[in-house]
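What follows is a single structure, written as structure tokens, with notes after it.
Just so you know, all these numbers are worked out from the coordinates, no wet-lab data involved. It should be emphasised that the depicted structure is a prediction, and the values quoted were computed from it without experimental measurement. Please note: Cβ atoms are built from the backbone with ideal geometry, for glycine as well, and neighbour counts cover all protein chains shown.
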């Protein structure tokens, strides 16, 4: 298999707003092989893919297809060269027929006009290669999502494809559909197609991929043959080992929590949401800092959103302070003191065009409604006190929130939520993308809040952060809680192995 | 609805697929069939109420008197299918008519004037298309700009109507081809030709399918390598050219060019297209539906005249019908999504 790579990228570099999205990255794809690109959010996976599929231009670096240097000014050029991508639910046209989805752009013509009969036949051929038997004249929207994906793949391979990129192809598929997809992938592999399989489901990567490339923070960590890479090593490479980080020697380790006499704020029994989260039970105590640890896709965000009323629970019951609750809108949860801070700070958190003052008073004002406006003086008081308490910089209350750094934006969101005096707050990745100093600040803040009696659900991909901050840790894997861990006796290695299901490495 | 399975089926399964295919096609035809049903109901209702309502003369007049709207609706269908809207068609129609009347009155030959009308329509369309695609202006605003521009230019040419005496142009409307009591004029034939050509383009050319694709999902269409930019601009050019043709028809019909023509016609056009089953959100609809929509509009006008009611009842009825159709469309879309 160590022949010439079909696709080779050397020293790729690309910057977004002055920061490296790709920093001297090398990457190779071989024919007849399934390759996986691994890395957490922001590692540079999608940037790299967009670079060789023509959606982005590299600032420097070389792309070679079958030994020849190439440059793709747009996706059409990459497709013509034989690089096809199947995105997650994006590049299909549900309002057109299956045949059109496969053939449009390359449709057979007769006297200059579309030959529908031949189009349907060609489409049927492409589908039969994949072993999919559906009517080419049917509307795409009449089929299940899994089938639509097969159609997208049929499109990708109906041209002369050399490289097939599958971007998170299994996120919406059930077990059987995944097995079907893998059969198709193996078929294509046997035909000599180079396949790039991007997924955060470790199990699947280990099942189908021959080779793994790991990226972290825009840099290449390494390229490995799958059988030679232990799961636990893979995760360590994705998340970064301890020695890479600045060791925070005086980091405050949360003292063990004394649960005697503490009330249960939230109790969940048998809650579930179809395709998002299977049956789950848990409890959160007053003043407890509950950490949710797990990899991307393990269901942490889904669980948190269900607990604080952002998503609707389909099965099971939620009890807050002993009272059964059913939330249909986040507003209802907020009214009884459950707050949520999303991991998408910019799109689901701050309002970039509003000032600090407006952002901080937003939730409070929303609580009061349209007509009972918070008096200007009161707003300014509130804003000033929170800016001071959380040390938000720059301190100008009339400054725009969009100009703040990530860390300060997170503090802004915290201020807004805390102004409501909540009883439980769920923080989804509050320290992601924040510099180390701000990280520590926020971690201290959260522990102080818990000490004062606020129940906190804390989600982070950084295991040692969760270990340091939480009173109790729930480990999630494949959308299920697999373990409860006491951070005072656990080690990073223990957490890593729980998160990764290490038995399979042997 | 989604049991067309993924794995190999038996021959009988393939047969079942064929039958299911016919059923599925019918699902997307429902809006058009509904419009047709309403049309037939109104005709029957008129016949029952007034006696001799459905006559060859009346049916012929449906096409001939509304030929300009048929052409406009054809062009508008392209735009709406792509997810846009064109508010300029009434004004562009008036402008091209005014332009023609002026040029003819100073002796420019017809063979030059007619192509110029179409070119003028195409230019307005290009302007709107460029604004929509390259400057990212909302189609509503971009076409509104075109509308004001065209309307203003009308009155720049002349504040008053300009008579048209050119025999060729007049004969387009006056020359009648009789078959028994049925009749048709060259303008009616032009309208039918436009419908046939437009329907063909939408079903049998890559451009036509790209129009549907853009209406379905512009991002997907782009990622699939379809020429989205060109098509997005071209739909407005098509609409503009249709406005030019409609201008010719209207000028022939009224024997004059007048800056006040076609005020509000763009709204009648949009109503006809929507009643004909094309979703305003784009990506779904059939051209023949727009023809049915125009006929519905035409029958309503005739019914109002027969009833001796005030002409403003036209608009009220169209409004109610439009509301009903939009609501029905929502139900159909919601049902399809749930599947």
Region B:216-246 and region A:120-157: distance between their alpha carbon centers, rounded to Å | 26
What list of whole percents do you get for P(r) of chain B, with Cα-Cα distances grouped in 20 Å bins up to the one holding the largest distance?
-> 30, 55, 14, 1
Kindly identify region A:61-159 as rounded, prolate or oblate by the Cα gyration tensor criterion: order the square roots of the eigenvalues as a ≥ b ≥ c, call it rounded if a/c is under 1.5, otherwise compare a/b with b/c, prolate if a/b is larger, else oblate.
-> prolate
Of all DSSP beta bridges with both partners in the protein assembly as shown, the antiparallel percent, nearest 5, is 60
What number, in percent, do you get for the relative contact order of region A:344-431 if the mean sequence gap of Cα pairs under 8 Å and at least 6 apart is divided by its residue count?
-> 44
Over the residues of region A:411-488, compute the C-alpha Rg and express it relative to 2.2 N^0.38 Å.
-> 1.11
How do B:306, A:206 line up, fewest other C-beta atoms within 10 Å first?
-> B:306, A:206
Enter the mean number of other protein chain beta carbons within 10 Å of the beta carbon of each residue in A:143-153, as an integer.
-> 2
Treating the angle as unsigned and between 0 and 90°, give the value, to the nearest 10°, between the Cα long axis of helix B:265-275 and the longest Cα principal axis of chain B.
-> 20
Residue order, fewest to most surrounding Cβ atoms within 10 angstrom, among B:71, A:284 = A:284, B:71
Please give the helix B:206-216 orientation as an angle from the longest Cα principal axis of chain B, in degrees from 0 to 90, rounded to the nearest 10.
-> 70
Name the shape class, rounded, prolate or oblate, that the alpha-carbon gyration tensor gives for region B:206-339, where a ≥ b ≥ c are the square roots of its eigenvalues, rounded holds for a/c under 1.5, and otherwise prolate holds if a/b is larger than b/c and oblate otherwise.
-> oblate
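What does the convex hull of the Cα atoms of the protein assembly as shown come to per residue, in Å³, rounded to a whole number?
Working: hull volume 188.6 nm³, N = 845.
Value for the protein assembly as shown: 223 Å³ per residue.
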Expressed as a whole percent, how much of the Cα-Cα distance distribution for region B:255-331 exceeds 16 Å?
-> 54
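How large is the Kirkwood hydrodynamic radius of region B:156-249, in angstrom, based on all distinct alpha carbon pairs? Provide the component values of the computation, followed by the final result.
Numbers: mean 1/r = 0.0615 Å⁻¹.
Taking every pair of different Cα atoms in region B:156-249, averaging 1/r and inverting gives 16.3 Å.
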Taking only the Cα positions of region A:3-95, the convex hull volume per residue in Å³ is 128
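May I ask you to sort A:431, B:205, B:77, A:484 by Cβ crowding, counting other Cβ atoms within 10 Å and putting the fewest first?
Working: A:431 24, B:205 16, B:77 32, A:484 11.
Going from least to most buried by this count: A:484, B:205, A:431, B:77.
Please report the antiparallel percentage of the DSSP beta bridges confined to region A:7-244, to the nearest 5. Don't skip to the answer; put the middle values down first.
Details: 24 of 40 bridges.
So the antiparallel bridges amount to about 60 percent of the total.
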With all distinct Cα pairs included, what does the Kirkwood hydrodynamic radius of region A:264-505 come out to in Å, to one decimal, could you say?
-> 18.4
10 Å Cβ neighbours from other chains, averaged over peptide B:278-287 | 1
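Using the Kirkwood radius over C-alpha pairs as Rh, can you work out the diffusion coefficient of region A:7-244 via Stokes-Einstein at 4 °C, viscosity 1.567 mPa s, in µm² per second? Let's see the in-between values first.
Details: Rh = 18.6 Å.
It comes out at roughly 70 µm²/s.
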Under the Kirkwood approximation applied to all pairs of distinct alpha-carbon atoms, what is the hydrodynamic radius of chain A in Å?
-> 25.2
Kindly express, to the nearest 10 degrees and within the range 0 to 90, the angle between helix B:56-65's C-alpha long axis and the longest C-alpha principal axis of chain B.
-> 80
How big is the antiparallel share of DSSP beta bridges in chain A, given as a percent to the nearest 5?
-> 55
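If I take every Cα pair under 8 Å that is 6 or more residues apart in chain A, average their sequence separation and divide by the length, what percent do I get for the relative contact order? Could the numbers behind the result be given before it?
Working: 958 pairs, mean separation 73.8, N = 506.
15 percent.
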